[in-house]
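Q: First, the structure itself, so that you have it in front of you.
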Amino acid sequence: MIEHVLVGVALAVGLGGGFGLARRRHEGRVRDAEPVHRILLPFTGTEISRRAVDAALRLARAEDAELMPAYLAQVPMRLPLECSIPNEAGRAMAMLETIEQRAASQGVPVDARIERGRSYRHALERLLDTEAVDRIVVPADSLNGGEGLGGDDLVWLLEKAPAEVLILRPAPGRVQPRLAAISA
Amino acid sequence: MYKIFLGMAAGVGKTYRMLAEAQAQAEAGIDTVVGLLETHGRADTEALAEGLEVVPRRRVSYRGVSLEEMDLPGILARKPELCLIDELAHTNAPGLEHPKRYEDIADVLAAGIDVFSTVNVQHLESLNDQVAELTGVRVRETVPDSVLGTADEVVLIDLTPEALVERLRAGKIYPGENVQAALDNFFRIENLAALREVSLRQVAESVEAKRLTFETTSPLGTREEKVSAEVPQAVGERVLALVRPQPSAQRLVRRAWRSAQRLGTDLDLLWVKRPREEFAGEVERQVTALRRLASVLGAKLLIEEHDDLVAAAARVARERGTTYLMVGESEPRRGLRRLREPLPQRLMRATPPGVDVRIVAHRSTNGRGDA
């Protein structure tokens, strides 16, 4: 009789434990299946404002999001759009490595991209066509007549981008330190 | 015998070297003819062609314009032992036997005639984009890379960029009035240096491809197998990175690409997909991202469906002539998986001797900084 009781108790404990474990695993899977929040940080050239990177990282940390730094590359008309661009890629690699290093020190996951286009806007458009992002952080210094995205591109971005756009203006009267590419 | 003289640019001396070798053959009693020669008015080249029989060009009329083209039927009828056919990338006038001259050459070879020919590296299809990016100049007349593969010998005519520029300044390549324009455009030292590197690498790869073909096609137990086993391993390196469709793969690819760049070689990426592994959602997105990154870098993304990652990687490494295999850091092993031999060791055992396995650490996201 006692044996039957013990077997019954053991079965109940085993079943209860198993059910609990399965439920926890299921919840874990459900949590894993939730859409990942992504913050896009597009940039061009060989430097990016440290302020922009830090702001994007702060946001990513606060929202438990993934940072997607994206190097935008212009492919001249004489080349096919999908051709390899090793020189540009070399520049992009150094920048992405630097950003990733900074993100790692703050515990932010990174999923980097290099996107080609006939213009920077075209590259950004192609990227947004294939990647779902929740926010786009654009450093304002790239809009001030530099070689990167221009004012028109910003207007276009605000109108067309399927995400919130955050434009970061440098602090007035202050030269912003920049993240230069360093060899990783 | 099909021999191609490959150069980095016009004026390095491909035609000159071809003629010099042809003269030696003619002197040795080989029946040699010139099927087509482009001397570009260079006196030295013209002088070296003296004494060689020339199959006259034929005149072809196209849209009211009279053009001169190589006389393929004439060469086949003459049936020499050796025929010189310059500039294999040339596009023929419409209406001839073949659109491209390298196709004419195939006919000549098929008739049992040996051929010497020439080509510049920027005419090779796979290098056309790369050369255009390096030099800003795109050539329209391209030939498939396989054309080089069909040659029994590829001879690289090498010249330092400085020496080539010197030849150009001396008027040995173009007439005087065109020299400055050439120096300002295509014949810049940095362009020539890049083209020289591309040419050297191309020939190294062609030699490597022949060695691998030889090793994989030789029957077992033959003298060839013994010889190939004794041949030192290729000098050329090749990098293969094992990737998974996840964000951390991007870093592995970057590392692998940098290594490939330092070694001056190409990069292959391999994802071994399990047969029942789902290909949708996040996986599909990451594969697309990997594919685009590979395209940007000029790397090749290979997807193999296989149950056994190690077996598939070893086979691909053998086929591609890999010398470096790069893998990402494995996840911490738990439970019974701890008893299993780690992936790098299994890869070391399965891959051909001489393949180094390198582990790329994950970058820490716990505040530890770079891994």
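The values are calculated or read from the model by the stated rules, or taken from the named source; none is laboratory data. Computed from a prediction, not measured in an experiment: that's the story for all the values here. Quick reminder, even Gly has a Cβ in these numbers, built from the backbone with ideal geometry, and neighbours come from all protein chains shown. Areas reflect the complete protein model, heavy atoms only, side chains present, ligands, DNA and RNA absent. Shrake-Rupley method; radii C 1.70, N 1.55, O 1.52, S 1.80 Å.
Q: How many percent of DSSP beta bridges within chain B run antiparallel, rounded to 5? Present the calculation step by step, with values, prior to reporting the outcome.
A: Numbers: 6 of 47 bridges.
Percentage antiparallel, nearest 5: 15.
Q: Counting partner chain Cβ atoms within 10 Å of every residue's Cβ in B:243-256, what's the average? Before the final figure, lay out each step's value.
A: Numbers: counts 0, 0, 0, 1, 7, 3, 1, 7, 7, 0, 2, 10, 3, 0.
Shielding by partners across B:243-256 averages 3.
Q: Magnitude of the Cβ-charge dipole of chain B, K/R +1 and D/E -1, about the Cα centre, nearest 20 debye? Walk me through the numbers before you get to the answer.
A: Numbers: 51 positive and 56 negative charges, 476 e Å.
Charge dipole, chain B, about its Cα centre: 2280 debye, nearest 20.
Q: Continuing with the same structure: Per residue of A:84-91, what is the mean number of Cβ atoms on other protein chains within 10 angstrom of that residue's Cβ?
A: Numbers: counts 9, 7, 9, 3, 2, 8, 4, 0.
Mean shielding count: 5.
Q: For a quick check of your reading of the filter: which chymotrypsin sites (Phe, Trp or Tyr not before Pro) in the stretch B:256-286 sit in a DSSP loop and have no more than 12 other Cβ atoms within 10 Å?
A: Numbers: sites: B:W257, B:W271, B:F279; in loops: B:F279.
Sparse-neighbourhood loop chymotrypsin sites (Phe, Trp or Tyr not before Pro): B:F279.
Q: Could I ask something else about it? Long-range amide H contacts for A:I136: which residues qualify at under 5 Å (H placed 1.01 Å from N, peptide plane, sequence gap of 5 or more or a different chain)?
A: The list, which skips near neighbours in sequence, is A:L40, A:E164, A:V165, A:L166.
Q: Could you please put A:K160, B:K100, B:K300 in sequence from largest to smallest accessible area, using a 1.4 Å probe?
A: Details: A:K160 130, B:K100 30, B:K300 105 Å².
Highest to lowest solvent-accessible surface, that is A:K160, B:K300, B:K100.
Q: For the stretch B:254-335, with the dipole built from +1 on Lys and Arg beta-carbon atoms and -1 on Asp and Glu ones, taken about the Cα centre, which of B:A280, B:S259, B:S330 lies farthest toward the positive end?
A: Farthest towards the positive end: B:S259.
Q: Taking amide H positions as placed 1.01 Å from N in the peptide plane, with prolines and chain starts having none, which residues 5 or more places from B:R358, or on another chain, fall under 5 Å of its amide H?
A: B:L325, B:M326, B:V327
Q: Inside 10 Å of the C-beta atoms of A:121-131, what's the mean count of C-beta atoms belonging to other chains? Display every interim value, and only then the final one.
A: Details: counts 0, 0, 0, 0, 0, 1, 1, 0, 0, 4, 3.
The mean count of partner-chain Cβ atoms within 10 Å per residue comes to 1.
Q: Still on this structure, I have one more. Any idea which of B:L302, B:P175, B:L48 is furthest toward the positive side of the dipole for chain B, if Lys and Arg beta-carbons carry +1 and Asp and Glu beta-carbons -1?
A: Going by the Cα projections, it comes out as B:L302.
Q: Classify chain B as rounded, prolate or oblate, taking a ≥ b ≥ c as the square roots of the eigenvalues of its Cα gyration tensor: rounded when a/c is under 1.5, otherwise prolate if a/b is larger than b/c and oblate if not.
A: Working: a/c = 2.45, a/b = 1.93, b/c = 1.27.
Here chain B falls in the prolate category.
Q: Per DSSP helix of 4 or more residues, -39500 (n - 2.57); summed, then divided by the residues of chain B. What does that give at 222 nm, rounded to the nearest 500?
A: Details: 14 runs with 162 residues, N = 371.
Value at 222 nm, helices only: -13500 deg cm²/dmol.
Q: Taking the Cβ of B:L109 as the center, what net charge do the other residues with Cβ under 12 Å away carry, scoring Lys and Arg +1 and Asp and Glu -1?
A: Numbers: positive: B:K3; negative: B:E103, B:D104, B:D107, B:D114, B:D152.
Local net charge: -4.
Q: Moving to a separate point now. Taking all protein chains together and a probe of 1.4 Å, list B:Y324, A:Y71 from the most accessible to the least accessible.
A: On the way: B:Y324 65, A:Y71 5 Å².
Sorted by accessible area, descending: B:Y324, A:Y71.
Q: Heavy atoms only, probe 1.4 angstrom, no DNA, RNA or ligands counted: give me B:S330, B:S295 ranked by accessible area, highest first. Each step should come with its number before you reach the end.
A: Working: B:S330 65, B:S295 35 Å².
These residues rank, largest area first, as B:S330, B:S295.
Q: Using only protein heavy atoms and a 1.4 angstrom probe, determine the accessible area buried between B and A, summed over both sides, in Å² to the nearest 100. Walk me through the intermediate numbers first.
A: Working: alone 20110 and 11190 Å², together 28360 Å².
Heavy-atom accessible area buried at this interface is about 2900 Å².
Q: Taking the Cα centre of the stretch B:1-87 as the origin and placing charges on Cβ (Lys, Arg +1; Asp, Glu -1), which of B:V60, B:A10, B:P73 is farthest toward the positive end of the dipole?
A: About the Cα centre, the residue reaching furthest to the positive side is B:V60.
Q: Probe 1.4 Å, all protein chains in place: accessible area of B:K273 in Å², nearest 10?
A: 20
Q: Could you tally the net charge around B:H306, taking each other residue with its Cβ under 13 Å from the Cβ of B:H306, Lys/Arg +1 and Asp/Glu -1?
A: On the way: positive: B:K273, B:R274, B:R276, B:R315; negative: B:E277, B:E304, B:E305, B:D307, B:D308.
Once all neighbours under 13 Å are counted, the net charge is -1.
Q: Return the loop-located GluC sites (Glu not before Pro) in the stretch B:1-59 (DSSP other than H, G, I, E, B) with at most 15 other Cβ atoms within 10 Å of their own Cβ; answer none if there are none. If you can, show how the numbers build up before the last one.
A: On the way: sites: B:E21, B:E27, B:E38, B:E46, B:E50, B:E53; in loops: B:E38, B:E50.
Answer by residue number: B:E38, B:E50.
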